[in-house]
Each structure stands twice: as structure tokens, then as C-alpha cells.
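Heads up: the structure comes next, in C-alpha cells.
No value in this document is a laboratory result; all are computed from the given coordinates. As the structure is a computational prediction, the values presented were derived from the model and not from experiment. Every residue, glycine among them, receives a Cβ derived from its backbone with ideal geometry; neighbour counts consider all protein chains shown.
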Amino acid sequence: MKKDKRNPKKSSKGVSRRGFLAGVGTAVVSSAVIGTGAQSAEAQILRVSRQEELQDIAITVNGVKYQVSVEPRWTLAEVLRDHLGLTGTKIGCNAGECGACTVLLDGKNVYSCSQLAVWVDGKSVTTVEGLAQSQSELHPLQQAFWEAHGLQCGFCTPGILMTLVPFLEENPDPTEAEIREAISGNLCRCTGYQHIVEAVKIAAEKMRD
Ligand code: FES
Ligand code: FES
């Protein structure tokens, strides 16, 4: 039998496996380059059109009226922190899980990371900065947290305070179980729950007087 002297690594069309793979590689890189170019062109179009997408909203925050131009995707938490400078409201998970971003919206506690700014047009917001009556006089809740060492790093504290304001207004003499239930939507990474519960009991007493 005659021995085939052709390169056994070449296909019938004369392309080696190595050459074939190298060719595929080139094709992938090419399409990636083309893709990058197309994406950046698209991104520029988005950036240009974004300015026209701004929407004006009117909100009252801690008694002060604001007119803000917002993108439809911005959350209330972002507007408060990044555009109004009210950084007392914290962003922990940014996904409606930890409660760090809790504020009052028309008197009810909400996760501000889960509210689009355009949804709060015409509404009234209270943040932790709006709790104290003055620089020298803390809200009874803040005073109680101070007295009972109800915070460690303090990251969760603004959200917990804003959860507790309407809770204590509705339930001025809560049981410990009710307090724990009330703050179940607020995570404390320092796990200082015992002191937090003690602080709420003191605050309830102060607010009843
Ligand atoms: S930051 Fe809003 S719930 Fe965690
Ligand atoms: S005091 Fe640190 S997260 Fe609660």
C-alpha cells in the first residue's frame, strides 16, 4: 500500500489544525474589536441623550422644598445623598434587604434605595437629619440611643431611628417582642441588638412623658 506523504495534520483543504485554530482566534478577536467599537459608539449616543431624559421633580425634605432634575433610574437614596448632601441616610445593600436607607415618606417608613426619585415627586421626606429639633436638642430616640449605648459603628442607626419614629407614635408602650419585630427589617452588622432594644424602651418612656 502506498504511503500518504501529505502532512497528516492537514485537512483535505490543506489547512492544518493549528492554522485553523489560529484563524478562529483571529476571527474572535476581530469580532471583539468590532463589538467594542459598536458598544462605545452606542454608549456615546446614550450619554448624549441622557441629558434630555432628566425629569424635574419637586420634593420637600425635612421641611425644605427642592426642585431636582433627576434621571429616571436614580433612587431616592442617591438623590438624598449625592445631590442634596444628606449623607445621614446610609446605603448598605442597595437592594431592599438591610434597612440602612430607611427614611419617612409622607410619614411612613420606606427603604429609600427601593424608591425611584421620580416616584416621590410632590411628596414629603424626612431623613435622620430632620429628627432633632435643633443642634442642641436631640430627638428622644437619639437621646435614648446615646444613653443606652444603642450603637457601635452607627451605620445602621439612622435607618433604625427612622423605622422607630412611626412605630413609637403608633405603639407608645411596646413590649420587647414588639420592639424586636419592629426592627426586624433593619440589620445591625455589629449585632448590638440588646442595647438597641434597651434604647427603644428608654425612648418610649421619654416620649410618653
Ligand atoms: S440600602 Fe436600602 S435596604 Fe439596604
Ligand atoms: S452599630 Fe454597626 S451596624 Fe449597627
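Fully extended, how many nm does the chain gain between S184 and Q135 (0.36 nm per residue separation, minus their Cα-Cα distance)? Working it through step by step, the gained length comes to 14.7 nm. Can you spot the aspartates and glutamates whose alpha carbon is less than 19 Å from K201's alpha carbon? Ignore those fewer than 8 places along the same chain. Here the aspartates and glutamates satisfying the reach criterion relative to K201 are E147, E169, E170, D173, E176, E178, E181, D209. Inter-part distance, segment 111-171 to segment 64-108, computed on C-alpha centroids, equals 13 Å.
Each Lys or Arg adds one and each Asp or Glu takes one away; over the other residues whose Cβ falls under 13 Å from the Cβ of N186, this sums to +1.
Note on H83 and Q152: the model spin-label points, each 7 Å out from Cα along the C-beta direction, lie 3.6 nm apart.
Net length available on complete extension from A58 to Q194 is 45.0 nm, with 0.36 nm assigned per residue and the Cα-Cα distance removed.
Note down, for segment 49-118, the three equivalent ellipsoid semi-axes (square root of 5 times each alpha carbon gyration tensor eigenvalue), biggest first, whole angstrom. Spell out each step's value before the answer.
On the way: eigenvalues 78, 44, 21 Å².
With the √(5λ) rule applied to segment 49-118, the semi-axes are 20, 15, 10 Å.
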